[in-house]
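No lab work stands behind these numbers, since they all come straight from the coordinates. Since the structure is predicted, the reported quantities are computational estimates derived from the model, not experimental observations. Here the Cβ positions follow ideal geometry from the backbone for every residue, glycine too, while neighbour counts run over all protein chains shown.
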Amino acid sequence: MKEHLFLPKPVFPRHVCFPDFIGGYSDFPKHRVNREYRTKEINLDQCYNLHLVYDGKGFLHSGTNSYELTRAQGFLYGPGLRQTYHSDFDDPWSIRWIHFYGIRLEELLNGKGVDEPWLFQCSNFPMITALMDRLLEIGRGYQVDDEHSMAATLYELLTRLQSGASQINVSMNPTAERIREAANYIRSHSNEHITLEQAAGIAGYSTPYFSRKFSQTIGISFPEFLMESRLLHAKQLLATTNLSIKQITLETGFSQSSYFIRCFRSQENVTPLQFRNIHNHMKEEHFS
């Protein structure tokens, strides 16, 4: 078995994730990949590369380390990483893959595959293979109307991997983990007065180094992330409470209501009250 399926660009441009290329090999002992850093081959400077081993075995090499991969195991490379892996010649792996892209995938995947390949063991292997097979099935007869099913199936696969797979390689770069820990703290304390210096202290880095690494790891700057966190909290309060705009301003860490309204409108293209009214109208329609 040797299958390559390329997908067209989706009509809807803001899917959380969408495949660019899916496929698989079975009984192909010569399967060997050696891609350099930032390769543009089949868009891998922009796409994640996920492989899942159905049977047999193969090997992945990262730096000075080599890993054997067998049934129910797999690996994920982030965009632009150097990639080196191959099938075992005597017991060739049966493998399926997805090259995919999307919006804010680093957050969805909690940074996996960004600094180094993520190697994992599936505890929910039958479910994962069923979803992978479903992607291939859709891809073989892909129609424009299949776009949303494709995106939804990939999203379910990625989130199930997140919740049901364990890492089998030891992280070689703790920097990204410390940055993400600081980001999680910022997100949960965004209503407080948090400075860049304080955030850097949480991660244990100097302010200039933290600022640079935060942008590289999270994809946006510290001020942008803090603003996004506060506005997300504000949207939740607008949709689920009857708090006044002044109260929400205080609850979300903004200094003045006028500044909060201006930031909200700049981000959402509506005022906070308009957002609340739209959301309330949607709820009324849902329950009518």
Inset, instruction - Only Cα pairs under 8 Å and at least 6 apart count here; give the relative contact order of the chain as a rounded whole percent. - result: 15
Legend entry - Cross-link table 213/246; 30/213; 2/40; 112/246, entries beyond 29 Å C-alpha to C-alpha: 213/246; 30/213; 112/246
Legend entry - Note, ³J(HN,Hα) from phi for the range 60-74, Karplus 6.51, -1.76, 1.60, rounded to Hz, x at Gly and Pro: 10, 10, 9, x, 9, 9, 10, 10, 8, 10, 10, 3, 6, 10, x
Inset, instruction - Would you be so kind as to identify which of 70, 99, 253 lies farthest towards the positive end of the dipole of the chain, taking Lys and Arg as +1 and Asp and Glu as -1 on Cβ and the Cα centre as origin? - result: 253
Inset, instruction - Kindly identify the range 40-138 as rounded, prolate or oblate by the Cα gyration tensor criterion: order the square roots of the eigenvalues as a ≥ b ≥ c, call it rounded if a/c is under 1.5, otherwise compare a/b with b/c, prolate if a/b is larger, else oblate. - result: oblate
Inset, instruction - Can you tell me the order of 268-275, 88-95 when each peptide is scored by its average per-residue count of other Cβ atoms within 10 angstrom, highest first? - result: 88-95, 268-275
Legend entry - Per-pair calculated FRET efficiency, R0 = 22 Å: residue 103 and residue 191 via Cβ, rounded to 0.05: 0.30
Legend entry - Share of pairwise Cα separations in the chain, more than 32 Å, in percent: 38
Inset, instruction - Under a 10 Å cutoff between Cα atoms, tell me which one of 232, 108, 52 has the largest fluctuation in the Gaussian network model of the chain. - result: 232
Inset, instruction - Pick out which of 106, 228, 41 has the largest mean-square fluctuation in a Gaussian network model of the chain, springs linking Cα atoms closer than 10 Å. - result: 41
Inset, instruction - Return the distance in nm (one decimal) between the two label points of a simple spin-label model at residue 124 and residue 39, each offset 7 Å from Cα along Cα→Cβ. - result: 3.1
Inset, instruction - Sum -39500 (n - 2.57) across every DSSP H segment of at least 4 residues in the chain, then divide by the residue count to get the 222 nm mean residue ellipticity, nearest 500. - result: -14000 deg cm²/dmol
Inset, instruction - Return, ordered by residue number, the residues of the range 203-220 whose backbone nitrogen is under 20 Å from a label point located 7 Å along Cα→Cβ of residue 184. - result: 203-205, 210-211, 213-220
Inset, instruction - Would you work out the charge dipole size for the chain about its Cα centre, treating the Cβ of every Lys and Arg as +1 and the Cβ of every Asp and Glu as -1, and quote it to the nearest 20 debye? - result: 640
Inset, instruction - Mean Kyte-Doolittle of at least 0.0 plus a Cα span of 24 Å or more along the axis: flag which DSSP H helices in the chain meet both, please. - result: 222-240
